[in-house]
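Chemist: For reference, the structure I am asking about is given below.
The values are calculated or read from the model by the stated rules, or taken from the named source; none is laboratory data. Keep in mind it's a predicted model, so treat the numbers as computed, not measured. Quick reminder, even Gly has a Cβ in these numbers, built from the backbone with ideal geometry, and neighbours come from all protein chains shown.
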Amino acid sequence: MKPAPFDYRAAASVDETLPLLGLDSAVLAGGQSLVPLLNLRLARPELVVDINGVTELDYVREDDGALRIGAMTRQVALERSELVSERWPLLHKAVELVGHPQIRARGTVGGSVVHADPAAELPVALTALGARFHLRSADGARALGAAEWFKGALYTAREPQELLVEIELPAESADARSGFAEHARTHGDFATAGAAAVRFRDGGAALVLLGAGDVPARAEAAERALAGGAAPREAAALAARDVAGDHRRALCAELARRAIEEATA
Amino acid sequence: MTTTLVGSPVARREDERILRGASRYLDDIDPPGALHVAFVRSPFAHARIGAVAVPDGLAGMATVITAADLTGRVGDLPVQGIEDGRVADEGHPVLARDEVRYAGQPVAAVLAESRAVAEDAAELIEVDYEPLAPVLDASASDVRLTEWHRVSGDVDGAFESAAHVVRASYSLPRLAPVPMEPRGAIGSYDEAEDLLTVWVSAQDSHRQLAGLAKVFDRPEERIRVIVPDVGGAFGSKGVAAPETVVVATAAMATGRTVKWAEDREENLIASYQGRGVEAEVELALEADGRMLGVRARIRADLGGYLMQTTAIPAHTTAMLMGGVYDIRAADVQVAGMRTNKVPTGPYRGAGRPEAAYFVECTVDRAARDLGMDPLELRRRNLIRTFPYRTALGWTYDSGDYERCLELAEELIAPERHADDTRVVGTGFGMYVERAGGMFETADAELLPDGRLLIRSGSSPHGQGHDTTFAQLAAERLGVGLDEVELRFGDSKQVPRGVGTFASRSVAMGGSAVVQAVDALKEKVEAVAARLGRDASLGDVAAAEPGLRASARFESDLVFSSGAYGAVAEIERATGRLRVLRLAAVDDAGRIVNPLLAEGQVIGGTAQGLGQCLVEEAVYDEEGNPTFASFVGYSLLTAAEMPPVETAFVESPSPLNPLGAKGIGEGGAIGAPAAVANAVADALGGLDVDPPFTEEKLWRALREGGA
């Protein structure tokens, strides 16, 4: 389990990073997914661009009501942020379920979003909160919503020369009631199923399932039902209706119910 | 001076060194200039091998060893027989010759200046594989690697006259042993002395020595095996591994020091596994629940080859199919089948957890069928007089099975109920395990400063020998614990021993220590008598330097036993199983150190619980291991461990001076049966095999209507 040979460059800023990105390069943030993939020789980049020195991307701040999270923010920083716990508690609930403390100490929010593991908690919570993903490249910048960003298992809309720099949560997502429930074989293991539920201040609702497909799956019919006053069990059953496999469907329905009840309590 | 060391909960004195990071594991040994090994392993479960092509580009980068380099110089790994059984001569080849029989089998070894370069080079080697259809299910295999059958008593009569016959079949999955420290070996060869030295992460030095001597056909005096600190084994580092032989071969061939430190992926796919056993069991009972006879057909999925000890666990299972019960008729058969998987071998419990599972689950099934209380059914059949010769031919030396059961019931506080959200049940599992046997050795020497040095033929890999053996020696000689130093693991320094497995260290190694110290004490007292009453050990050492005594302790098997209880809760909506609490009552004879003994019980219980809840080494339909990392092989964490109440019953063994038996495996043996019976109690019957995943239990709940 030693990686295949690669070149290594450490960047100190976004501007230094961008020209290094391309088809044959991989970005090293917290390394919690990339390093095992390198060691297993499943990832074989020619160049590893280390952005651990890019401190300008390490921040969690409120800006005009919106929450802005720098891509290099460690998961533990999100977990310990009072701003997050008080105003976006769903993110706090989700990040606490990511692996173990050692993993959260190194793993980054941006890394989880770019890796796009279907079993990851943060993409599900961020999708439920209506996140936008800000990218930069040597040619410019763009921002995508979750529906455009998550394309499949371990697959996003990021172009090889782009760097995810920030995750933004809209002002409307602040101070919402929320719930997160998941099922994993053992504590800290990858989740096999899960659900995030949000009741926004304006009466809207979001419900996103984990483990019901290759990407965080918005249960839109259930969201509408919830906004229309449906009971948690009813909305949960609706959300899980199309999940493949009878046990998985039952599991998703139960976790959705718990998440909704937590958000409704 | 103290006389109360034995039986005291002395904290492990080796821990400070380990916790400070001062221990020295195999990979901490970093010989300058060593060559590092990476293995080319088969990506196929079954294939014929044609040419192994080494590209020219490798010259200067790496040296490659293939089976062709071993021909005529290195034999296949040895195979150990079983009493009254047949074991095929299909020892594991050191490197694959013209066939590979499991994914992960070593095909070639690559030596380079670093492990990373060795792995780069290994990728470039082209092996011409011709894939063959793999056999992945023992029941689909037509190659028997082992066979054993024993009939004792009037089995047909028992089944004909029985009021009830209970039939059940079981399947226990293969398990990866997963020691914290993977395997590894370092070889070096001194041509002038013609001495091969091998450092190896192993359970003991002398089985490694014997294995190496055999494959190289080399006198044992020309080999030195050194076992450094070892971070666990659970059975998987007992006998010489093919990779260790390759390291030794390479050291002799190149004249360089050669190192192989296994990574986790290799450890998961290529070290021998445990369990992988199915059984069909029939139990004949009278109307009042008296057990008349047992029949069992045991089929083991042994893998592609036989490691030295592969045949043993299923034989142990067979011999224990009467459990703790007075059953006078038995007909038990074992078929060990060849499959295209990594070989199996002893893994914590090594045949005993299987026996306890098969017997105890069948007893609970009988109780349900008869409408009897499962504890009452057990009580009516427990063995109560010792020594007891079983129908199958082992002699249980001592025990108090009823007391164990009584305590387990008291500690677990049985619970059974069902509501809209969950079902809860309680189960028990009893066990009897063979432990000890063969021999063990120790030398005791009075050092010039009056301290005591013990060289033990038995060596530790986490058990705490350094503490328990020091307790025994210090008490016997009447000195403090700090006055005793232990040495282990170097075949040129310690007397020839057997090894650390089968829960045998205290009963065998400890007894040898006691006998060696007693013999030394006689010599010391003779000198002290000459010197006068106040002579200290230092005075004796000065007057008579080099006082020394040795002992070789031999005994028949001793039989530990126990009763475990579990309370299990299953969530209706998801099928999720939570074990709410466990009770562990073990009778390991006299306990030398209750603190360490309890540690063994809890560790074993955690492993036993793991096999019930999550552990399973699954091969896909092509025979690829899906468990090459911890993404695919799940282990329990502390968060899943329920509270465990422990208690000891002490029925001294008459077979050794300590009255000791063994405690290293009881938890792994007793817990699975208790948990399975608790799940069955909650569900009102159980037709699924472990691991008890939420999906299996969810279906069982829906279908069973509990």
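Chemist: Which residue is farthest from the other protein chains (Cβ to nearest Cβ), if the candidates are limited to region B:591-608 and must be more than 20 Å from residue B:180 (Cα to Cα) and surrounded by fewer than 20 Cβ atoms within 10 Å (Cβ to Cβ)?
Modeler: Within region B:591-608, the match that is farthest from the other protein chains (Cβ to nearest Cβ) is B:594.
Chemist: Restricting the search to region A:1-29, which residues are within 14 Å of chain B (Cβ to nearest Cβ) and not aromatic (Phe, Trp, Tyr)?
Modeler: Residues satisfying the conditions are A:1, A:2, A:3, A:4, A:5.
Chemist: If you don't mind, another one. Among the numbered conditions (1) crowded, with 17+ Cβ neighbours inside 10 Å; (2) at pLDDT below 95; (3) over 24 Å from residue B:631 (Cβ atoms), tell me where residue A:178 comes up short.
Modeler: Failing condition for residue A:178: (2).
Chemist: Right, here's the next one. Report yes if residue B:386 is of a type in the set (A, V, I, L, M, F, W, C) and not in a helix (DSSP H, G or I), otherwise no.
Modeler: Considered against the rule, which asks whether it is of a type in the set (A, V, I, L, M, F, W, C) and not in a helix (DSSP H, G or I), residue B:386 comes out as yes.
Chemist: From the set of residues in region B:480-498 that are out of contact with any helix residue (DSSP H, G or I) (no Cβ under 7 Å at 6 or more places or on another chain) and in contact (Cβ under 8 Å) with a residue 24 or more places away in the chain, which is nearest to residue B:16 (Cα to Cα)?
Modeler: B:485
Chemist: Next question. For the list (1) farther than 16 Å from residue B:640 by Cβ; (2) among the aliphatic types (A, V, I, L, M); (3) away from every other protein chain (no Cβ under 14 Å), I need the number of the one condition that residue B:582 fails.
Modeler: The single condition residue B:582 does not satisfy is (1).
Chemist: OK, next. Taking into account only those residues within region B:277-291 that are farther than 21 Å from residue B:623 by Cβ and of a type in the set (A, V, I, L, M), which is nearest to the other protein chains (Cβ to nearest Cβ)?
Modeler: Only one residue tops the list, namely B:279.
Chemist: Taking region B:273-289, which residues are out of contact with any Lys or Arg (no Cβ under 9 Å at 6 or more places or on another chain) and either among the acidic types (Asp, Glu) or not assigned by TED's automatic domain parsing to the domain that holds residue B:164 (or both)?
Modeler: B:286
Chemist: Going by what's in this entry, would residue A:37 be described as under 26 Å from residue B:118 (Cα atoms), buried (at least 17 other Cβ atoms within 10 Å of the Cβ) and away from every other protein chain (no Cβ under 14 Å)?
Modeler: Taking the combined requirement at face value, the residue does not satisfy it.
Chemist: Turning to a different aspect of this structure: Select from region B:390-417 the residues that are β-branched (Val, Ile, Thr) and not in a loop (DSSP other than H, G, I, E, B) and write down the one among them that is surrounded by the most Cβ atoms within 10 Å (Cβ to Cβ).
Modeler: Applying the filter and picking the extreme gives B:412.
Chemist: Starting from residues that are charged (D, E, K, R) and buried (at least 21 other Cβ atoms within 10 Å of the Cβ), keep the ones in region A:221-257 and report whichever is nearest to residue A:198 (Cα to Cα).
Modeler: A:223
Chemist: Still on this model: Name the single residue, out of those in region B:260-276 being away from chain A (no Cβ under 14 Å) and at negative phi, that is surrounded by the most Cβ atoms within 10 Å (Cβ to Cβ).
Modeler: B:274
Chemist: Now for a separate question. Given the conditions (1) of a type outside the set (Asp, Glu); (2) farther than 20 Å from residue B:122 by Cβ; (3) surrounded by 15 or more Cβ atoms within 10 Å (Cβ to Cβ), report the number of the one that residue B:7 does not fulfil.
Modeler: Result: residue B:7 passes all but (3).
Chemist: Which of the residues that make up region B:448-479 are in a strand (DSSP E or B) and touching a helix residue (DSSP H, G or I) at 6+ places or on another chain (Cβ under 8 Å)?
Modeler: B:452, B:454, B:456
Chemist: Another question, if that's okay. With the checklist (1) more than 14 Å from chain B (Cβ to nearest Cβ); (2) surrounded by fewer than 24 Cβ atoms within 10 Å (Cβ to Cβ); (3) at pLDDT 95 or above in hand, flag the one item residue A:203 doesn't pass.
Modeler: The number of the failed condition is (3).
Chemist: Are there any pairs, at least 6 apart or on different chains, whose C-beta atoms fall under 6 Å, with the first in region B:575-591 and more than 28 Å from residue B:614 (Cα to Cα) and the second among the charged types (D, E, K, R) and crowded, with 22+ Cβ neighbours inside 10 Å, and if so, which?
Modeler: Listed pairs, sorted by first residue: B:588/B:661; B:589/B:661.
Chemist: Okay, moving on. Name the single residue, out of those in region B:418-454 being assigned by TED's automatic domain parsing to the domain that holds residue B:317 and among the polar types (S, T, N, Q), that is surrounded by the fewest Cβ atoms within 10 Å (Cβ to Cβ).
Modeler: B:421
Chemist: Within region A:142-160, track down each residue that is of a type outside the set (D, E, K, R) and either part of a loop (DSSP other than H, G, I, E, B) or farther than 21 Å from residue A:171 by Cβ (or both).
Modeler: A:150, A:152, A:153, A:154, A:155, A:156, A:157, A:160, listed by residue number.
Let's see how each residue does on (1) over 17 Å from the mean Cα position of the chain (by Cα); (2) in contact (Cβ under 8 Å) with a residue 12 or more places away in the chain; (3) under 16 Å from residue B:274 (Cβ atoms); (4) surrounded by fewer than 23 Cβ atoms within 10 Å (Cβ to Cβ):
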position	(1), (2), (3), (4)
B:346	no, yes, yes, no
B:355	no, yes, yes, no
B:358	yes, yes, yes, no
B:388	yes, yes, no, yes
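Chemist: Right, next: Taking residue A:263 as meeting all but one of (1) in a strand (DSSP E or B); (2) more than 14 Å from chain B (Cβ to nearest Cβ); (3) among the aliphatic types (A, V, I, L, M); (4) touching a Gly at 6+ places or on another chain (Cβ under 8 Å), write down the number of the exception.
Modeler: (1) is the only condition that residue A:263 fails.
Chemist: What residue, among those in region B:609-645 that are closer than 30 Å to residue B:557 by Cα and crowded, with 19+ Cβ neighbours inside 10 Å, is farthest from the other protein chains (Cβ to nearest Cβ)?
Modeler: Step by step, filter region B:609-645, then rank; the result is B:644.
Chemist: Something else about it: From the list A:227, A:212, A:236, which one is away from chain B (no Cβ under 14 Å) and closer than 19 Å to residue A:177 by Cα?
Modeler: Only one candidate passes the filter, namely A:227.
Chemist: If you go through region B:100-137, how many residues are surrounded by fewer than 16 Cβ atoms within 10 Å (Cβ to Cβ), more than 14 Å from chain A (Cβ to nearest Cβ) and not in a loop (DSSP other than H, G, I, E, B)?
Modeler: Residues that pass the stated criteria total 4.
Chemist: Another question about this same structure. Just give me the residues in region A:40-62 being more than 26 Å from residue B:117 (Cβ to Cβ) and among the acidic types (Asp, Glu), in sequence order.
Modeler: Residues satisfying the conditions are A:56, A:58, A:62.
Chemist: Given (1) surrounded by 14 or more Cβ atoms within 10 Å (Cβ to Cβ); (2) out of contact with any strand residue (DSSP E or B) (no Cβ under 8 Å at 6 or more places or on another chain); (3) outside the structural domain of residue A:140 (by TED's automatic domain parsing), identify the lone condition not met by residue A:99.
Modeler: If we test residue A:99 against (1) surrounded by 14 or more Cβ atoms within 10 Å (Cβ to Cβ); (2) out of contact with any strand residue (DSSP E or B) (no Cβ under 8 Å at 6 or more places or on another chain); (3) outside the structural domain of residue A:140 (by TED's automatic domain parsing), just (3) comes out false.
Chemist: With buried (at least 20 other Cβ atoms within 10 Å of the Cβ) and either in contact with a Pro (Cβ under 9 Å, 6 or more places away or on another chain) or under 23 Å from residue A:119 (Cα atoms) (or both) as the only criterion, which of A:66, A:71, A:105, A:43 stands out?
Modeler: Going through A:66, A:71, A:105, A:43 in turn, the sole match is A:71.
Chemist: What number of residues within region A:206-220 satisfy the criterion of being surrounded by 15 or more Cβ atoms within 10 Å (Cβ to Cβ) and part of a helix (DSSP H, G or I)?
Modeler: Looking only at that region, the number is 0.
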